[in-house]
1. Measure up LYS249/LYS286; LYS207/LYS306; LYS211/LYS286; LYS63/LYS192 against 26 Å on the Cα-Cα distance and list the ones that go over.
2. What distance in nm separates the two pseudo spin-label positions at LEU219 and ASP37, each 7 Å out from Cα along the beta-carbon direction?
Amino acid sequence: LREHEEFTKVKNIAKIELGRYEIDTWYFSPFPPEYNDCPKLFFCEFCLNFMKRKEQLQRHMRKCDLKHPPGDEIYRSGTLSMFEVTFYSNKALAQWQVDGKKNKVYGQNLCYLAKLFLDHKTLYYDVDLFLFYVLCECDDRGCHMVGYFSKVKFAMLLFSIIYELMMLLHEKHSEESYNLACILTLPPYQRKGYGKFLIAFSYELSKKEGKVGTPERPLSDLGLLSYRGYWTRVLLEILKKHKSNISIKELSDMTAIKADDILSTLQSLDLIQYRKGQHVICADPKVLDRHLKAAGRGGLEVDVSKLIWTPYK
Ligand code: ACO
Ligand code: ZN
């Protein structure tokens, strides 16, 4: 699954320490040059500042007063919390003079950290606003980051006006957009259902926005597996309830999953037939049960009643 590694830049940092974990890295990440050739980097697990030596981290921990990501806690269920961290790009800062210095360092540190496990992602986009949704396991020592996903927003720039016009011209009233730019579960927490939780969370935000969403491409191998798993389970469960009297558009409205993603998922399960120029869902209950059994575990559930959030304007 890590076959891309040899095609990307040579890995510069071999290991990191983060909270109580020592983690082997996967890919190159563009840390400032003075950090290159450091066998191991030490991260503060709360503010994500990184240092070359353990003693520096220890000194830092004595004075760092952060115990959770710097942002609003928008979800809490049991020991799981989600924090929304926002920061503005330089361009946006210059244009609107908003207070964006606040979370900028945190956001950049998070990008450096994430790139160690993502092979083909652009870290910085020429957009206005970055939104990070950081998932944490919380205990009496603080909120420990498990993973995150990011979103980018073109806020008030010309681009968004052109985009809206194009949408109008194509009569796409139910607005489609990317609802996720990057997703990461830190390696010690992988394969426990957190990835599917993050994905489910991104669709819950889209539902609140009244939009249909899709992740930015390209997806990594693990990203595609996780999305396929999520889409498959969500769609099969609805089809089971509704027999097959339901259209792709209706599925899309219910789930906030983009119609193309629904079609490709159902096609991969061989549940689509093409009749009289239309895609028709053909779902025999027995076939659905068989697929559901094969679909594996669901992720951790998002309890929507615990999500307190209003869409970003
Ligand atoms: N081997 C085989 N299948 C795997 C593996 C693996 N190592 N890891 C995940 N999967 C598949 C499985 O189907 C799994 O479901 P299952 O456990 O029910 O069989 C499914 O993916 C998702 O498992 P989760 O436990 O919900 O997901 P996890 O917390 O492991 O996170 C993620 C998935 C975020 C993709 C993680 O692997 C990761 O961070 N990878 C590195 C970064 C990355 O590639 N991100 C996606 C890039 S694309 C983008 O950002 C738009
Ligand atoms: Zn710190």
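Where a number appears in this text, it was derived from the coordinates with a stated rule and is not lab data. Remember, it's a predicted structure, so these values are computed and weren't measured experimentally. When we count neighbours, we look across all protein chains shown, and the Cβ atoms used for this are built from the backbone with ideal geometry, even at glycine.
1. Numbers: LYS249/LYS286 24 Å; LYS207/LYS306 15 Å; LYS211/LYS286 33 Å; LYS63/LYS192 33 Å.
LYS211/LYS286; LYS63/LYS192, as the Cα separations exceed 26 Å there.
2. Simple spin-label model gives 4.1 nm for this pair.
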